1. If a residue has to be of a type in the set (D, E, K, R) and touching a residue at least 12 places away in the same chain (Cβ under 8 Å) to count, how many in the stretch 37-62 make the cut?
2. Looking at residue 34 and the list (1) surrounded by 17 or more Cβ atoms within 10 Å (Cβ to Cβ); (2) of a type in the set (D, E, K, R); (3) touching a residue at least 40 places away in the same chain (Cβ under 8 Å), which single condition is not satisfied?
3. Hey, residue 121 hits all of (1) closer than 24 Å to residue 26 by Cα; (2) open to solvent by less than 80 Å² (accessible area, probe 1.4 Å); (3) not in a strand (DSSP E or B) but one; which does it fall short on?
4. Can you tell me which of (1) within 17 Å of residue 93 (Cα to Cα); (2) in contact with a Phe, Trp or Tyr (Cβ under 7 Å, 6 or more places away or on another chain) is the one residue 21 doesn't meet?
5. Out of (1) touching a residue at least 40 places away in the same chain (Cβ under 8 Å); (2) open to solvent by 60 Å² or more (accessible area, probe 1.4 Å); (3) farther than 21 Å from residue 131 by Cα, the odd one out for residue 80 is which?
6. How many residues does the stretch 106-119 contain that are in contact (Cβ under 8 Å) with a residue 12 or more places away in the chain and within 16 Å of the chain's Cα centre (by Cα)?
7. Tell me, yes or no, whether the stretch 125-142 has at least one residue that is over 14 Å from the mean Cα position of the chain (by Cα), closer than 22 Å to residue 5 by Cα, among the hydroxyl-bearing types (Ser, Thr, Tyr) and loosely packed, with under 13 Cβ neighbours inside 10 Å.
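The values are calculated or read from the model by the stated rules, or taken from the named source; none is laboratory data. If you're wondering where the values come from, they're calculated on a predicted model, not measured in any experiment. Cβ placement follows ideal geometry from the backbone for every residue including glycine, while neighbour counts extend to all protein chains displayed. The area values use the complete protein model at the heavy-atom level, side chains included, leaving out ligands, DNA and RNA. Shrake-Rupley method; radii C 1.70, N 1.55, O 1.52, S 1.80 Å.
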Amino acid sequence: MSIDANTHYWIVVVSKDHIKRGIAGGFVQANHGKQGPLNKMKSGDWVICYSPKQTYAGKETLQAFTAIGQVANEDTYQFKMSDDFMPYRRDVNWKECTEVAIQPLIQDLNFIENKQSWGYRFRFGFFEIPEHDFKLIKSKMLI
């Protein structure tokens, strides 16, 4: 699909075990199920997941881009996971991809302004990236 001026590119920070569930179910959640970040997405926008860790509760680091896909529609919706947890989701058409370590890309990613403290930007859990950075990451993931 060609990239157009109305398309936005998003990073969602999520552990690898959690994004595996999202890929299997065709959805993404952001910032522990908050609605606000997902409402910024539009149908056709691209989403790249960055996984700092293998598992949410674990300590084993990963530091890799683990999923890439396109927002499927305009709907943000709640999903009941338990009686006290109903996170918001967006449907995503995930692409088959290769996991890509971030370390070799840091110097070439414009959204990482401080290359020494490169992980700082990911602490926010959800953010937009420039098209240049998206194309670079995509070129490594979709081989």
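1. Narrowing the stretch 37-62 to residues of a type in the set (D, E, K, R): 40, 42, 45, 53, 59-60.
Restricting the remaining residues to those that are touching a residue at least 12 places away in the same chain (Cβ under 8 Å) gives 40, 42, 45, 53.
Qualifying residue count for the region: 4.
2. Among (1) surrounded by 17 or more Cβ atoms within 10 Å (Cβ to Cβ); (2) of a type in the set (D, E, K, R); (3) touching a residue at least 40 places away in the same chain (Cβ under 8 Å), residue 34 violates only (1).
3. Every listed condition holds for residue 121 apart from (1).
4. (2)
5. If we test residue 80 against (1) touching a residue at least 40 places away in the same chain (Cβ under 8 Å); (2) open to solvent by 60 Å² or more (accessible area, probe 1.4 Å); (3) farther than 21 Å from residue 131 by Cα, just (1) comes out false.
6. Within the stretch 106-119, the first condition is being in contact (Cβ under 8 Å) with a residue 12 or more places away in the chain, and the residues that meet it are 106, 108-111, 118-119.
Okay, now just the ones that are also within 16 Å of the chain's Cα centre (by Cα), so 109, 111, 119.
Number of matching residues: 3.
7. Looking through the stretch 125-142, at least one residue is over 14 Å from the mean Cα position of the chain (by Cα), closer than 22 Å to residue 5 by Cα, among the hydroxyl-bearing types (Ser, Thr, Tyr) and loosely packed, with under 13 Cβ neighbours inside 10 Å.
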